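A.B. asks: Input: one structure, supplied below.
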Amino acid sequence: MMNFAHYTNQKNPTQAVNQAVEAAKKANAKLNAVVTLVDPGEQLSQLEKYAGGKMFGIPIVLKDNVNTRGILTTAGSRILGNYVPQYDATIAEKLREAGAVVIAKSSLDEFGMGGSNLSAATGPVYNPYDLTRMSGGSSGGSAVLVASGVVPFAIGSDTGDSVRKPASYNGIVGYKPTYGRISRYGIIPYASSLDHVAFFTRNVTDAAIALEVLSGRDDRDMTSLQLPVEDYASALNPSLKGKRIGILTNVLKAITNPDIQAHFATLVANLKEQGATIVDIEMNQDLLSAILPTYYIIANAEATANHSNLDGLRFGVQKEGKEVDEVMSASRTAGFGKQIRKRFVIGSYALFVENQDKLFRKAQKVRRLIVEDLKNALSGIDGLIAPASAGVAPKLTDTSMDQLSSTYLIAENYMVMGNFSGYPSVTLPLGYCDGLPVGVNLTCKLYDEQTTLNLALAIEQATGLADQIKEVA
Amino acid sequence: MNYETVIGIEIHCELKTATKMFSPAPVTFAKRPNSCVNEIDLAHPGTLPSLNKNAVKQAIKACAVLNLEIDPLIRFDRKNYYYPDLAKGYQITQQFHPIGKNGHVSIPTSNGEKIVRINRLHMEEDTAKQFHYNTETWIDYNRAGTPLVEIVSEPDMRNAEEAVAYVEKLRSILYYLGVSDVKMEEGSLRCDINISLRPVGSEAYGVKTEIKNLNSLNNIKVAIEAEIKRQSELLDKGDAVEQATRRYDDVAKTTILMRKKEGSVDYKYFPEPNIPPIRLRKEWVDEIIATLPELPEARKERYLSIGLSEYDATVLTQNKDLSDFYDEILKHTDQTKIAANWCISELPAVLDTQHLASAKNKLTPKNLADMINGIKAGAISSKQAKDVLPHLIQGENFEDVVNRLGLKQVSDTGELLRVIVETLDEQAQSVVDFHNGKDRALGFLVGQVMKKTKGQANPALTSTLITEELMKRKP
């Protein structure tokens, strides 16, 4: 098994780490998942300090929007093509102190703004199950490096399913905890009220261990929760006796792929067999259809402000200009991709004083209504499940999806509820369609990481799909 | 035509805190450029704001004394605009929910006290400083992120005198509270004056201009007077006043156009997502208000009650540092009036009383009190005390100075009488003169005694004893 235990049982962390580095180089030739390979030499020389750490000697990957002191951190954008941070993100410190060793910074959609990884400054990331298909995004590089067996753990970030969707496309676990559970300090943002640090593992037990390492109050992030870190891993309990699991029927109805329907039905039957009570949950269809436009307005409005610091004056790639204003404007024009500029225009438009009522404030209102509906949906159950996407990873060239269909609006975007609400949400492997993975998503109540992990473990045992690896030759 | 002037004032006041509004970088003035900054002040990617609790405390103090209603839920917003001195590309401020609103303050005017309403007080962060040289622009981020409060008055002032009185009143209050250094020349207190004219009797406001960058009370006065003159000349000619931001030019003695306000800028305000609303604990707020320091008015009342004159009480209160020093002296002496005299008349002659805390000044309140007690007890004369003072400022003890300089005042009657008898014997002509009604003779004789005692004779006692002795020698 290529899980945490597999690595920590090897008595020689240096060897395990160096093997991962070699594997990363080899896999990257096919996957284009790495922005920067990190020489682990210095970390290994300091590693003994962290003996006994929960992730001791485990090679890991960080999404390239996680600040790492002294190591290039680009957020997938040209404008940060030369940015070497002066400080470590809080999670980079926590992972180091747990004994983890960073071997690479991974590719992402520019600033995490995308679901395809096609907008990365370093180009597309390829799906290990089919190199003509997308990794998904925005945490595409991290997802494929875990899926292809290079590392057992990678950090991602999830603003609108950016970990949970690629997890589905790559047959691995993507865990997004409650908003505020993991500090965002040092994560290059997309949209602050929706951004979550999330991560990939290949099984639920590793996810529980990783959550223990990453969680905890950080005074440098005011949205960080004042809750103690729990012993998630040792408290793991997959028993479904007395558990009530809701099925989000709106999503199932929107999915046309019969293989996914069949896999999901098998899972539900299995959960029932283990003692779970299954409940159909139907949420407000109009509200679910409004998730995507609501998300677009809030996320892009916050993003346009969040990225106003990128002016080429104090850091990043600076372009020439006669006046300071010209330097700022030239640097931004050259530094951002087309998609990003489009999003800034949308975000800015929504914030204009004459538009705020009908766009930005309305979107915030709709967000509250959606969260309220989700809260009600969860009130009588322990967790809510549905397939994590309407299909397998799309072809790199595929633009055929009808973006006004409920298949797209609901089945491909409902997981953004987890970002609106901040509720814990995890995607796990559900099965394979013609050899390509698809996932199942589980969302639970605010703060209730333990139930999320317990139900996820039950699902993992039901599918038998822990520790899935697709090596690329 | 006769116009009524309408003035509203916005004051930006830097808060006295050890660290910045949203970062742990130190707040200082005039340090080496860009030495008091960290990744948050420079808006490096991934940084997040952490609210300075002490800044909130300072704002609460200011709200309390300005009679503002305090919002128990602290919320911040983003004000978006691109400018090289604004690293994040937005300023974190309190647009929608200021911490304080609907307050007022009373100001002295030539027609008695006047109430000026205060619309709001909100917290925000300062920007960096830009320096333009020929073809280059330099930016110093030390100031970036310094905690600020902005205090916005209602348009309740009607002339330059009231405007100056308002700013002076706020400065004094904020300084006494320890909320700010209020140094206009260093920019820790900055005023924007909104000013418009309207025909006397009219209710509608005229078109206003905003005068920025006023760095002294006198500048406020002259700028307002110049702007009133400029606007009334325009209106008299039938021209319109243009809504604009202006600055006062010292040389031209008038206000100069900085920029027109054609359609206001859209700052696209929205709630700051990185700072969740913070509920202030009522007990915390109550405790801050309960432990507010003494304000200038209360202090003046206290001075009057311990017997100081109106003048002394006023002068002392106007200089908080000196007044604090005076209060320290009173811990070691009950000579309130003598102590006030020394603080008001003598110290300013030899010390910079605006900066008593400077390293050059080693004068302690205890030493000055000892000296005052010495004067009262007749141990030294007031004249001797003036010679003692410079030594106290150098850090010497009162007792040590007196001993080292041999300044003991001779108040021993027997000893003095011996010298007086000797003097009168020598100055027989003066004795005759005295009895012939020449008053100056007494002064001459006292002077002679002083000379013989090298200035150590107690002058009052000497004078009394000489008079007695002269009476004995009446021909």
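The values are calculated or read from the model by the stated rules, or taken from the named source; none is laboratory data. Everything quoted here is computed from the prediction, not taken from an experiment. No Cβ is skipped: glycine too gets one built from the backbone with ideal geometry, and neighbour counts run over all protein chains shown.
A.B. asks: Within the stretch A:23-71, restricting attention to residues that are in a strand (DSSP E or B) and out of contact with any Leu (no Cβ under 7 Å at 6 or more places or on another chain), which residue is farthest from A:MET113 (Cα to Cα)?
C.D. replies: If we take residues in the stretch A:23-71 being in a strand (DSSP E or B) and out of contact with any Leu (no Cβ under 7 Å at 6 or more places or on another chain), then A:PRO59 is farthest from A:MET113 (Cα to Cα).
A.B. asks: Next question. Return yes when A:LEU288 is of a type outside the set (Ser, Thr, Tyr), modelled with pLDDT of 95 or more, under 23 Å from A:LEU430 (Cβ atoms) and crowded, with 18+ Cβ neighbours inside 10 Å and no when it is not. Spell out how you get there, then give the answer.
C.D. replies: Working: of a type outside the set (Ser, Thr, Tyr): yes; modelled with pLDDT of 95 or more: yes; under 23 Å from A:LEU430 (Cβ atoms): yes; crowded, with 18+ Cβ neighbours inside 10 Å: yes.
Answer is yes for this residue.
A quick yes/no check of all residues on (1) assigned by TED's automatic domain parsing to the domain that holds B:LYS88; (2) more than 29 Å from B:ASN319 (Cα to Cα); (3) at pLDDT below 95:
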| site | (1), (2), (3) |
| --- | --- |
| B:MET157 | yes, no, no |
| B:LEU177 | yes, no, no |
| B:GLN231 | yes, yes, no |
| B:VAL251 | yes, yes, yes |
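A.B. asks: Give the stretch A:434-471 a look and list any residue that's within 16 Å of A:ARG244 (Cα to Cα) and surrounded by fewer than 21 Cβ atoms within 10 Å (Cβ to Cβ), or say none.
C.D. replies: A:LYS445, A:ASP448, A:GLN450, A:THR451
A.B. asks: Do the conditions hold for B:ALA298, that is, is it surrounded by fewer than 16 Cβ atoms within 10 Å (Cβ to Cβ), more than 14 Å from every other protein chain (Cβ to nearest Cβ) and under 21 Å from B:ASP71 (Cβ atoms)? Steps first, please.
C.D. replies: Details: surrounded by fewer than 16 Cβ atoms within 10 Å (Cβ to Cβ): yes; more than 14 Å from every other protein chain (Cβ to nearest Cβ): yes; under 21 Å from B:ASP71 (Cβ atoms): no.
The answer is no for B:ALA298.
A.B. asks: Could you grab the pairs with beta carbons closer than 7 Å, sequence gap of 6+ or different chains, first residue in the stretch A:109-120 and buried (at least 23 other Cβ atoms within 10 Å of the Cβ), second one among the aliphatic types (A, V, I, L, M) and in a helix (DSSP H, G or I)?
C.D. replies: Listed pairs, sorted by first residue: A:GLU110/A:ILE340; A:PHE111/A:ILE340; A:MET113/A:ALA303; A:MET113/A:ILE340.
A.B. asks: Which numbered condition in (1) crowded, with 19+ Cβ neighbours inside 10 Å; (2) over 25 Å from B:GLY178 (Cα atoms) is the only one that B:GLU346 fails?
C.D. replies: It is condition (1) that B:GLU346 fails.
A.B. asks: Let me ask another. Please name all residue pairs, on different chains or six or more residues apart, with Cβ atoms under 9 Å, provided the first residue is in the stretch A:148-166 and is surrounded by fewer than 24 Cβ atoms within 10 Å (Cβ to Cβ) and the second residue is in a helix (DSSP H, G or I) and at pLDDT 95 or above.
C.D. replies: Listed by first residue and then by second, the contacts come to A:GLY149/A:ALA23; A:GLY149/A:ALA27.
A.B. asks: Also, quick follow-up: Just one of (1) surrounded by fewer than 21 Cβ atoms within 10 Å (Cβ to Cβ); (2) part of a strand (DSSP E or B) trips up B:GLY8, so point out which.
C.D. replies: (1)
A.B. asks: Just checking, which of B:GLU113, B:GLU124, B:GLU69 is in the same structural domain as B:TYR267 (by TED's automatic domain parsing), among the charged types (D, E, K, R) and within 25 Å of B:ASN38 (Cβ to Cβ)? Break it down into steps so the answer makes sense when it comes.
C.D. replies: Working: B:GLU113 fails: within 25 Å of B:ASN38 (Cβ to Cβ); B:GLU69 fails: within 25 Å of B:ASN38 (Cβ to Cβ).
One residue alone meets the criteria, B:GLU124.
A.B. asks: Out of A:ALA89, A:ALA24, A:ALA75, A:ALA104, which single residue is in contact with a strand residue (DSSP E or B) (Cβ under 8 Å, 6 or more places away or on another chain), within 13 Å of another protein chain (Cβ to nearest Cβ) and aliphatic (A, V, I, L, M)?
C.D. replies: On the way: A:ALA24 fails: within 13 Å of another protein chain (Cβ to nearest Cβ); A:ALA75 fails: in contact with a strand residue (DSSP E or B) (Cβ under 8 Å, 6 or more places away or on another chain); A:ALA104 fails: within 13 Å of another protein chain (Cβ to nearest Cβ).
Selected residue: A:ALA89, the only one of A:ALA89, A:ALA24, A:ALA75, A:ALA104 that is in contact with a strand residue (DSSP E or B) (Cβ under 8 Å, 6 or more places away or on another chain), within 13 Å of another protein chain (Cβ to nearest Cβ) and aliphatic (A, V, I, L, M).
A.B. asks: Shifting gears a bit: Any residue at all in the stretch A:256-269 that is touching a residue at least 24 places away in the same chain (Cβ under 8 Å), farther than 30 Å from B:ASP140 by Cα and crowded, with 23+ Cβ neighbours inside 10 Å?
C.D. replies: yes
A.B. asks: Take the stretch A:398-426 and flag every residue that is in contact with a strand residue (DSSP E or B) (Cβ under 6 Å, 6 or more places away or on another chain) and in a loop (DSSP other than H, G, I, E, B).
C.D. replies: Here is the first cut: in the stretch A:398-426, the ones in contact with a strand residue (DSSP E or B) (Cβ under 6 Å, 6 or more places away or on another chain) are A:415, A:418, A:423, A:425-426.
Residue satisfying the conditions is A:TYR423 alone.
A.B. asks: Now for a different question. Take the stretch A:57-90 and flag every residue that is buried (at least 24 other Cβ atoms within 10 Å of the Cβ), over 16 Å from A:ILE103 (Cβ atoms) and among the β-branched types (Val, Ile, Thr).
C.D. replies: Of everything in the stretch A:57-90, those that are buried (at least 24 other Cβ atoms within 10 Å of the Cβ), over 16 Å from A:ILE103 (Cβ atoms) and among the β-branched types (Val, Ile, Thr) turn out to be A:THR74, A:ILE79, A:THR90.
A.B. asks: Considering only residues of the stretch B:416-441 that are charged (D, E, K, R) and closer than 18 Å to B:ALA460 by Cα, which is surrounded by the fewest Cβ atoms within 10 Å (Cβ to Cβ)?
C.D. replies: In the first step, residues of the stretch B:416-441 are kept if they are charged (D, E, K, R); the result is B:418, B:422, B:425-426, B:433, B:438-440.
Applying the additional criterion that residues be closer than 18 Å to B:ALA460 by Cα yields B:418, B:439-440.
On the way: B:ARG418: 11, B:ASP439: 8, B:ARG440: 10.
By that ranking, first place goes to B:ASP439.
A.B. asks: Restricting to the stretch B:184-219, count the residues that are surrounded by 15 or more Cβ atoms within 10 Å (Cβ to Cβ) and outside any strand (DSSP E or B). Please lay out each step first, then the result.
C.D. replies: Within the stretch B:184-219, the subset surrounded by 15 or more Cβ atoms within 10 Å (Cβ to Cβ) is B:184, B:187-198, B:206-215, B:217, B:219.
Filter once more, so that each one left must be outside any strand (DSSP E or B): B:184, B:187-188, B:206-208, B:215, B:217, B:219.
Adding up the residues that qualify gives 9.
A.B. asks: Any residue at all in the stretch A:127-140 that's closer than 19 Å to A:ALA24 by Cα, in contact with a Gly (Cβ under 7 Å, 6 or more places away or on another chain), buried (at least 24 other Cβ atoms within 10 Å of the Cβ) and within 14 Å of chain B (Cβ to nearest Cβ)?
C.D. replies: The answer is no, given that none of the residues of the stretch A:127-140 is closer than 19 Å to A:ALA24 by Cα, in contact with a Gly (Cβ under 7 Å, 6 or more places away or on another chain), buried (at least 24 other Cβ atoms within 10 Å of the Cβ) and within 14 Å of chain B (Cβ to nearest Cβ).
A.B. asks: In the same structural domain as B:LEU73 (by TED's automatic domain parsing), surrounded by 17 or more Cβ atoms within 10 Å (Cβ to Cβ) and farther than 30 Å from B:ASP77 by Cβ: does that describe B:ILE224? Steps first, please.
C.D. replies: Numbers: in the same structural domain as B:LEU73 (by TED's automatic domain parsing): yes; surrounded by 17 or more Cβ atoms within 10 Å (Cβ to Cβ): yes; farther than 30 Å from B:ASP77 by Cβ: yes.
Yes: the conditions hold for B:ILE224.
A.B. asks: Return the total of residues in the stretch B:56-76 being buried (at least 23 other Cβ atoms within 10 Å of the Cβ) and within 14 Å of chain A (Cβ to nearest Cβ).
C.D. replies: Residues flagged as buried (at least 23 other Cβ atoms within 10 Å of the Cβ) and within 14 Å of chain A (Cβ to nearest Cβ) within the stretch B:56-76 amount to 1.
A.B. asks: Ok, one more. With the structure loaded, tell me whether A:GLY216 is touching a residue at least 40 places away in the same chain (Cβ under 8 Å), within 14 Å of chain B (Cβ to nearest Cβ) and in contact with a Ser or Thr (Cβ under 9 Å, 6 or more places away or on another chain) or whether it fails that test. Can you show your working first?
C.D. replies: Values: touching a residue at least 40 places away in the same chain (Cβ under 8 Å): yes; within 14 Å of chain B (Cβ to nearest Cβ): no; in contact with a Ser or Thr (Cβ under 9 Å, 6 or more places away or on another chain): yes.
No; evaluated as a whole, the condition is false for this residue.
A.B. asks: Can you tell me which residues in the stretch B:258-289 are more than 14 Å from every other protein chain (Cβ to nearest Cβ) and in a strand (DSSP E or B)?
C.D. replies: Going through the stretch B:258-289, the residues more than 14 Å from every other protein chain (Cβ to nearest Cβ) turn out to be B:258-262, B:280-289.
Within the stretch B:258-289, B:MET258, B:ARG259, B:LYS260 meet the criteria.
One line per residue, one yes/no per condition, for (1) within 14 Å of chain B (Cβ to nearest Cβ); (2) under 19 Å from A:SER107 (Cβ atoms); (3) within 15 Å of the chain's Cα centre (by Cα); (4) assigned to a loop (DSSP other than H, G, I, E, B):
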residue: A:SER157; (1), (2), (3), (4): yes, yes, yes, no
residue: A:ASP161; (1), (2), (3), (4): no, yes, yes, yes
residue: A:ALA167; (1), (2), (3), (4): no, yes, yes, no
residue: A:TYR175; (1), (2), (3), (4): no, no, yes, no
residue: A:ARG184; (1), (2), (3), (4): yes, no, yes, yes
residue: A:TYR190; (1), (2), (3), (4): yes, yes, yes, yes
residue: A:ASP206; (1), (2), (3), (4): no, no, no, no
residue: A:LEU211; (1), (2), (3), (4): no, no, yes, no
residue: A:THR223; (1), (2), (3), (4): yes, no, no, yes
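A.B. asks: Exactly one of these conditions fails for B:ASN142: (1) in a loop (DSSP other than H, G, I, E, B); (2) within 21 Å of B:HIS44 (Cβ to Cβ). Give me its number.
C.D. replies: Every condition holds for B:ASN142 apart from (1).
A.B. asks: Now, a different point. Taking the conditions exactly as written (polar (S, T, N, Q) and without any contact (Cβ under 8 Å) to a residue 40 or more places away in the chain), does A:SER389 satisfy them or not?
C.D. replies: On the way: polar (S, T, N, Q): yes; without any contact (Cβ under 8 Å) to a residue 40 or more places away in the chain: no.
Answer is no for this residue.
A.B. asks: Turning to a different aspect of this structure: Could you please find all residues in the stretch A:61-72 being over 22 Å from A:GLY123 (Cβ atoms) and either within 11 Å of another protein chain (Cβ to nearest Cβ) or under 22 Å from the mean Cα position of the chain (by Cα) (or both)? Can you show your working first?
C.D. replies: Kept after step one, since they are over 22 Å from A:GLY123 (Cβ atoms), are these residues of the stretch A:61-72: A:67, A:69-70.
Matches in the stretch A:61-72: A:ASN67, A:ARG69.
A.B. asks: Which number in (1) in contact with a Phe, Trp or Tyr (Cβ under 8 Å, 6 or more places away or on another chain); (2) surrounded by 17 or more Cβ atoms within 10 Å (Cβ to Cβ); (3) touching a residue at least 40 places away in the same chain (Cβ under 8 Å); (4) in a helix (DSSP H, G or I) marks the one condition that B:SER232 misses?
C.D. replies: Here B:SER232 meets the rest and fails (2).
A.B. asks: For the stretch B:27-45: of the residues being more than 14 Å from every other protein chain (Cβ to nearest Cβ) and of a type in the set (S, T, N, Q), which is nearest to A:TYR87 (Cα to Cα)?
C.D. replies: Within the stretch B:27-45, the subset more than 14 Å from every other protein chain (Cβ to nearest Cβ) is B:27-32, B:35-36.
The next check asks that each one be of a type in the set (S, T, N, Q); those that pass are B:28, B:35.
On the way: B:THR28: 23, B:SER35: 17 Å.
Among residues in the stretch B:27-45 that are more than 14 Å from every other protein chain (Cβ to nearest Cβ) and of a type in the set (S, T, N, Q), the one nearest to A:TYR87 (Cα to Cα) is B:SER35.
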